[in-house]
Structures are given as structure tokens and as C-alpha cells.
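Comments concern the structure below.
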Amino acid sequence: MSVLADNSEREPAGARGGDFSARAEPYRRELLAHCYRMTGSLHDAEDLVQETLLRAWKSYDRFEGKSSLRTWLHRIATNTCLSALEGRQRRPLPTGLGAPSSDPTADLEERAELPWLQPLPELTDHPADPSVIVGSRESVRLAFVAALQHLSPRQRAVLLLRDVLQWKSAEVADAIGASTIAVNSLLQRARSQLQAVRPSAEDRLVAPESPEAQDLLARYIAAFETYDIDRLVELFTAEAIWEMPPYVGWYQGPQAIITLIHQQCPAQSPGDLRLLPLIANGQPAAAMYLRSGDLHLPFQLHVLDMSADRVSHVVAFLDGTLFPRFGLPASL
């Protein structure tokens, strides 16, 4: 993920009198991604970016230009996130709760009070640089952000600053008020814990705009829109996982997934569901709308792990408040 390293030059002293808003705005998207990695919440990340920019604006007259503006803003964002995370629960997915896979014929158990992990819209604004796109997407993949939730907030901060933003240990230590020795210790433990919980198959995922991913996503969408659910069997890997927060169960294997959909999906016939393709967390995704009278209303937002020819994981978020944040229509 070294493509996200800060290679910009330090601020020239004479450049600091410019308009803060104009100079800070280009960094808003990557600050949002950073706050999202730290918190696992799109809603919280948006609020924390606003708080970061407010704090930076208030102290801008004291910015000495010893580092780039980008580094300075990430430092403020990191400490803003650390303060916000004090005493908060981690944001899991159902697979991260530690329970075994569920019986697809059993009743669903909803836990709306849990602070669930949320998806992230596509934030890439460097279309001319494929390496930046790849690096940015790898750092916000849903599995990676879910794995970060197993770390303490300070471990998350150290790992993200060192391994994603490519800061030096001394820079991280100065940013979070710790010694270099403490930073290196936190980083070692964070890397070890992350390795233990991060899926090994993640590196084999295909880019969402690749022909393979687009074809597979089109077939996935067609199966739901025609309500030919049994066709989904051929699209999933043998060990595929389906989960749908705020329900705590998760389901493994194509037959279990198909049984679950037949048992629990309120759609019953072709045309009941409509899906719009999109990108979330740098992965293929789809917004699912459910028929309600003459309209189709927001129902689920699916984020998919795809290899070249199969779907290996689906997280179906049942949260209608996410749709406007993805720029999606309120109805179809």
C-alpha cells in the first residue's frame, strides 16, 4: 500500500497565507478514507472529517510548514479519531462475533443496537494513475477494515500511519504522543493480530471494473431481478459466505445461502427486486431495491468479494440510510 505514501514537499513558508479551505479541500476524500479505516463507520467518518477541518482551520495560523499540509491534516485527523474512539465498542460484521455459521432455516436474530461496520462509497479521484487506485482500494477493502476492528484504536492508528500512509516511526510517535519504541511495539502486535484474522484469499480479488467482475456482477444482478435464485449456486465458491447486518447470523456454502434467500427474502417473483451496480470499498457492489406498490424502495446494499469467476463473500447491509450517501436514488 506504499502508493499512499506522502511524497509531497514540505510547505514553503511563503505559501501559508493562502486560503485554508481551498488548500485543504483536495484532501477531504483521503481524510474520509482515513477516518473510515479508523472507525469502520461512514457516518462517524464524515463527522470526524468535519471536526478535523474545523480544528485545522482554528489552528492554521500556528501551522509552521515543517511538514506538508497533507501530513498535518492526517495528524489532526488521527488524534480526532483516537479521542472519538475512547470507550466505544468495535464495529464488527456477523462473522466477527465468534459464532459458528448459522442454520438458514432458523429464525433471524436482529441486533440493531450493535454498532455494525458500514460500507464506504468509491472515493478514488486519481483516474489517471492506476497504481494509486489499486493502493487506495486495497486500504479500504471491507475485509481489511473488518480486520482492523480487532485492533485497539492506538494499534489501528500506528498500523495505518506506518503501513498505509508510510510514515516513519518517529513521525508516528510524534503524532500520537508516544515513544518510538512504543510505536514499534504497537506496530508489531498490530501486524501479528491482523495477520491472524485477515482472509488469505483477499489478494486474489478482481478489480470491480475488470471484464470478469462486470460479467459476474451482471449475472448476479440478473438472478435476483428475474428471481431465479437457484441460478446463484453456479456463481458462488464452495466456501462462499453470506452475512447481513444487523442480523447476527452468517451462512456458508451455496446451498445454505440459497435456502436462506428462499426462506427469508420478502421478494417472491420476477420484478420484485431491482439492483443497481456500483463500487463500495473498492469492490463490486449492488444496491438492491424492493418493490413496494408502484415503486422500488431501498432494501439492501451488497458488497461482494469476487475472484475471476466466482463470488466468495457477500455482505448485504440492511441500512436504507446508506443509499443517499452512495448517491443512490430514494426510489426507482
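Checking Val206 against (1) assigned to a helix (DSSP H, G or I); (2) at pLDDT below 90, only one condition comes out false. Which one?
Tallying (1) assigned to a helix (DSSP H, G or I); (2) at pLDDT below 90, Val206 fails exactly one: (1).
So Ala308 fits all but one of (1) of a type in the set (Gly, Ala, Ser); (2) buried (at least 18 other Cβ atoms within 10 Å of the Cβ); (3) in contact (Cβ under 8 Å) with a residue 60 or more places away in the chain; what number is the exception?
Answer for Ala308: the failing condition is (2).
Among Arg274, Arg325, which is the only one that is in contact with an Asp or Glu (Cβ under 7 Å, 6 or more places away or on another chain) and open to solvent by 50 Å² or more (accessible area, probe 1.4 Å)?
Step by step, each of Arg274, Arg325 is checked, and only Arg274 is in contact with an Asp or Glu (Cβ under 7 Å, 6 or more places away or on another chain) and open to solvent by 50 Å² or more (accessible area, probe 1.4 Å).
Considering only region 264-282, I want to know if a residue exists there that is under 20 Å from Glu239 (Cα atoms) and out of contact with any Cys (no Cβ under 9 Å at 6 or more places or on another chain).
Checked region 264-282: no residue is under 20 Å from Glu239 (Cα atoms) and out of contact with any Cys (no Cβ under 9 Å at 6 or more places or on another chain).
Just to be sure I understand the filter: pairs with C-beta atoms under 8 Å, separated by 6 or more residues or on different chains, first member in region 118-142 and of a type in the set (Gly, Ala, Ser) and at pLDDT 85 or above, second member open to solvent by 40 Å² or more (accessible area, probe 1.4 Å) and in a loop (DSSP other than H, G, I, E, B). Which pairs pass?
Every condition considered, the pairs that remain are Ser139/Met1.
Considering each of Ser41, Ser8, Ser68 in turn, give the residue that is at pLDDT below 85 and on the phi < 0 side of the Ramachandran plot.
Residue meeting the stated conditions: Ser8.
When Glu64 is evaluated against the numbered criteria (1) under 30 Å from Leu304 (Cα atoms); (2) surrounded by fewer than 20 Cβ atoms within 10 Å (Cβ to Cβ); (3) of a type outside the set (Ser, Thr, Tyr); (4) in contact with a helix residue (DSSP H, G or I) (Cβ under 9 Å, 6 or more places away or on another chain), which criterion, by number, is the only one it fails?
Condition not satisfied by Glu64: (1).
The values are calculated or read from the model by the stated rules, or taken from the named source; none is laboratory data. A quick note: this is a predicted structure, and the numbers were derived from the prediction, not measured. Note that each Cβ is placed from the backbone with ideal geometry, even for glycine, and that neighbours are counted across all protein chains shown. Calculation scope for accessible area: heavy atoms of the full protein, side chains included, ligands and nucleic acids excluded. Shrake-Rupley method; radii C 1.70, N 1.55, O 1.52, S 1.80 Å.
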